[in-house]
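The values are calculated or read from the model by the stated rules, or taken from the named source; none is laboratory data. Quick caveat, the model's predicted, so the values are computed rather than measured. Cβ placement follows ideal geometry from the backbone for every residue including glycine, while neighbour counts extend to all protein chains displayed. Heavy atoms of the whole protein, side chains included, go into the accessibility calculation; ligands, DNA and RNA do not. Shrake-Rupley method; radii C 1.70, N 1.55, O 1.52, S 1.80 Å.
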Amino acid sequence: MGEPPESAGASLHQMFERVGKNELGLCIGQRVHVAGNRRRIGTVRYIGPVEGHTGEWIGVDWDDGDGKHDGRVNGVQYFRATNEQSASFVRLKNLSGGISLLEALYLRYRGESTKQEEDEMYVFSSSKRRVSIQLVGKSKIEEKLKHFEDLNSASMPYFGVGSINTSQEIRNVVPNLKELDLTGNLLSSWQDINSLCEALPSLENLNLTNNLLEADVPELPSFSNIRILVLNNCGVTWKQVERLGQYLHAVEELHLMGNKMTLLLPSELDITNIKGFNSLRLLNLENNCICSWEEVLKLAKLRRLEQLHLNKNKLTHIFYPTNRSLPGLQDTCYVPFEKLECLLLGSNQIDDLASVDSLNCFPNLVDVRLSENPIADTTKGGVSRFVLVARFAKVKILNGSEISIRERKESEIRYVRLVMAMMQATDPQEIKLQHPRFAELKSLYEIDDEKPSAGVSVPQKMSAGLISITLICVGASMGERQPLAKKLPPTTTVGRLKVLCESFFKLKGVKLRLFLQEKDSPLPTLLGDDTIPLMNVGAGNEATVLVDEGNYLV
């Protein structure tokens, strides 16, 4: 793209006076894309000369970080880029400032579409899922869209939209638009977005993902009808979100993924004073940098909040707030997270069972995700799915998989017997403190205490009740082998089972890996610790163990 090479030279401070706006309209801070590639997007950070090179150059800081420097060439800092190699200098002819919204609409729905664009053509279903338009009836769609007033849902991802037409022009063309996806375009001005909402009074669903928006949020009176707002990867801060909330009077879903947020609103500010949040049902804060649960507790007073998405943050511990942990809870009319039904905590750093047990305190919580946390990873000292199911009293969906009546009953019984086995070697009172549901479940299923017979050790007593295990070979080099059903003591360790599998299937010179295939669990669990007994990893009666190959022994 015509990147000027570095060369020796003097300071260019006197040349910076020309920096600003060029003859074709680009200006500092403007969003642009590479001519011919609408997905290669960046921000103009410099316009002017570069020492030793003729003509005007555009300094661009690229969103994808794929540049050549940080804005410094030959010791001269023309501008400061986001990363050390996210910037480059480009000739004006190689850049585009984009097209208008209406131009994009015509290209999308009246022009000749490419296969990629056809693959991306979709509408939103009633459940807000993307549903592809059936191109079998494309001619009928094109005929219908000759009159744009019939259009109520439009999707124009990465179309290079850089400007908004006048309100009257937009209203004349698409007066009934309710849902608009502008993912990956060149919009940066909140005022432009406000003008768009003003022109589309029926607009309820607006997706601005991957549009880098400016820091200052002005008054946005036309946002009052927006019910679903998606600001994923837009570079917004929680301070901006607070400002937006003053105008989002009807918002029910707010998506804020990938904005590198660490802090939410200051603790002295009551979130219920932010008018727009009073109607909020779903808040998506996935893929941010929140590490303190105290930050999340600032959302506890959102009285209509039903879904809170916190996957891919840095949380290590959670708890249900008390009067002391949440300022203002002395007002008894508030129940923390009183309507929260879904809490997604996947891919965090939660590693303690106290956090798991605290979820029982949420009054209406039924859908939880804990996958890819240490506490749910048996290879990192975590517990099996059946233990999580048993410890959750009210949860109906765990890690995206529904907990059936049968799974719950089997899990709770297995859990009780596991705890009883642990009590033989540990202080019973300590065990009861660590397992709050144990007494309740033991009574529910009328399970009697294990009383070792005279002269019989605890392991022998536990081994008396054999469990049936189905072993299935899945390794590529193992060939087709019939599954085997074996009865084993529940105290059999994972390492011992590997030795038995070598004998059962006549596998020599292969290092085995075993996986527990649990009912209703989408993925098998690696049995990575050879010292753990089968009963401790949740391998109960009629369990299925997959036998795979690790690598060949030398």
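Is there a residue in segment 165-177 that is in contact with a Pro (Cβ under 9 Å, 6 or more places away or on another chain) and open to solvent by 50 Å² or more (accessible area, probe 1.4 Å)?
yes
Tally time: how many residues in segment 26-62 are under 22 Å from Arg108 (Cβ atoms) and in contact with a strand residue (DSSP E or B) (Cβ under 7 Å, 6 or more places away or on another chain)?
7
Output the residues belonging to segment 7-53 that are assigned to a strand (DSSP E or B), farther than 21 Å from Phe159 by Cα and either modelled with pLDDT of 90 or more or aromatic (Phe, Trp, Tyr) (or both).
Arg45, Tyr46, Ile47, Gly48, Pro49, Val50
List the residue pairs whose Cβ atoms are under 8 Å apart, where the first residue sits in segment 340-358 and is under 19 Å from Leu433 (Cβ atoms) and open to solvent by 20 Å² or more (accessible area, probe 1.4 Å), the second is at pLDDT 95 or above and not in a loop (DSSP other than H, G, I, E, B), and the two are 6 or more positions apart or on different chains.
Cβ pairs passing all conditions: Asp351/Pro374; Asp351/Ile375; Asp352/Ile375; Leu353/Ile375; Leu353/Arg391; Asp357/Arg391.
If you check every pair at least six apart or on different chains, which have Cβ atoms under 9 Å apart with a residue in segment 506-535 that is open to solvent by 30 Å² or more (accessible area, probe 1.4 Å) and in a helix (DSSP H, G or I) first and a residue that is of a type in the set (Ser, Thr, Tyr) and at pLDDT 85 or above second?
Correct list of pairs: Met535/Thr492.
For a quick check of your reading of the model, give me the residue pairs whose first member lies in segment 63-80 and is among the basic types (Lys, Arg), whose second is assigned to a loop (DSSP other than H, G, I, E, B), with beta-carbon atoms closer than 6 Å and at least 6 apart or on different chains.
Final answer for the pair search is Lys68/Glu3; Arg80/Gly71.
Hey, could you check segment 456-494 for residues that are closer than 16 Å to Gly550 by Cα and surrounded by fewer than 15 Cβ atoms within 10 Å (Cβ to Cβ) and say which is modelled with the highest pLDDT?
Val474
Could you check, for segment 393-412, whether at least one of its residues is crowded, with 21+ Cβ neighbours inside 10 Å, among the hydroxyl-bearing types (Ser, Thr, Tyr) and in contact with a helix residue (DSSP H, G or I) (Cβ under 9 Å, 6 or more places away or on another chain)?
Checked against the condition, which is being crowded, with 21+ Cβ neighbours inside 10 Å, among the hydroxyl-bearing types (Ser, Thr, Tyr) and in contact with a helix residue (DSSP H, G or I) (Cβ under 9 Å, 6 or more places away or on another chain), segment 393-412 yields at least one hit.
Take Phe79 and decide whether it is in contact with a Phe, Trp or Tyr (Cβ under 9 Å, 6 or more places away or on another chain) and assigned to a loop (DSSP other than H, G, I, E, B).
Against the criterion (in contact with a Phe, Trp or Tyr (Cβ under 9 Å, 6 or more places away or on another chain) and assigned to a loop (DSSP other than H, G, I, E, B)), Phe79 qualifies.
Would you mind telling me which numbered condition in (1) among the aliphatic types (A, V, I, L, M); (2) at pLDDT 95 or above; (3) within 19 Å of Ile532 (Cβ to Cβ) Leu359 fails?
For Leu359, the exception is condition (3).
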